[in-house]
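A short worksheet on the structure shown next.
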Amino acid sequence: VVATVGFSVWRYGPVSKFFGVRPADFRQQLLLVASAFAMVVPALLIMQFFLSLIDPYEHSTLSDLQQRFSLPTILVNWLGAVIAAPLCEEILFRGYLQGWLQRINFGSRENPAVELVGGWSESSVENTTRKLSQFEWWFPIAVSSAFFAAVHIGQGLAPIPLFFFGLALGFIYRYTGSIVPCIIFHFLLNAMSMSKATLDTALDSIQ
């Protein structure tokens, strides 16, 4: 994470540009994340529940918790799943891949350096509404979501709901032009999943 952010800042400018940080819009971005969480996560959980009946969900983090349940194991897995994974995956799939596709194919040419990692250069509601129904608006989102889901192959049928999760993240990134709300949304979902996994493992160890 440090190396990736460091290279990007060196190549493209300050951290604020790399992450698309605009303090004036932060409150609105948090409201968007809260709304997306309320709408998307219940549907994902229901989808994952039924898919797990067909092919049980598997993940190395969950296996590690079950086999070596201890405070160091919990801390290491939480750090990896809740902090490192959202940062790395959002930088890679939304910041680089989706931002790159937006820039080279459909994005604004006004500031290509920022476009590479900063999403759509004009994030006004008017601009978003005008392009929302167009194929060119969704193509980079769909491609980045497909790659995002593909890296989770081997975890049962989890790539299916994760593709739709990627669509939600991609929409947020395209709408706001900032990677920050994507990281927060991803962080919240992983934290919820890890909380359940840790609690279930703790209860099983007591019994």
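The values are calculated or read from the model by the stated rules, or taken from the named source; none is laboratory data. Since the structure is predicted, the reported quantities are computational estimates derived from the model, not experimental observations. So basically every Cβ, Gly included, is an ideal-geometry build from the backbone, and we count neighbours across all protein chains shown. Surface areas here come from the heavy atoms of the whole protein model, side chains and all, with no ligands, DNA or RNA. Shrake-Rupley method; radii C 1.70, N 1.55, O 1.52, S 1.80 Å.
Some observations on this one:
- Any hit, the stretch 74-90, residues being more than 16 Å from the chain's Cα centre (by Cα), surrounded by 12 or more Cβ atoms within 10 Å (Cβ to Cβ) and over 30 Å from F19 (Cβ atoms): no
- The listed residues are G13, G20, and the only one of them that is open to solvent by less than 80 Å² (accessible area, probe 1.4 Å), at pLDDT 70 or above and among the small types (G, A, S) turns out to be G20.
- The residue of the stretch 31-61 that is least open to solvent (accessible area, probe 1.4 Å), among those that are outside any helix (DSSP H, G or I) and touching a Gly at 6+ places or on another chain (Cβ under 8 Å), is D55.
- Qualifying positions in the stretch 157-201 - open to solvent by 10 Å² or more (accessible area, probe 1.4 Å) and not in a helix (DSSP H, G or I): L157
- Checked against the criterion of being β-branched (V, I, T), at pLDDT 70 or above and either buried (at least 19 other Cβ atoms within 10 Å of the Cβ) or in a loop (DSSP other than H, G, I, E, B) (or both), the stretch 119-142 contains one or more residues that satisfy it.
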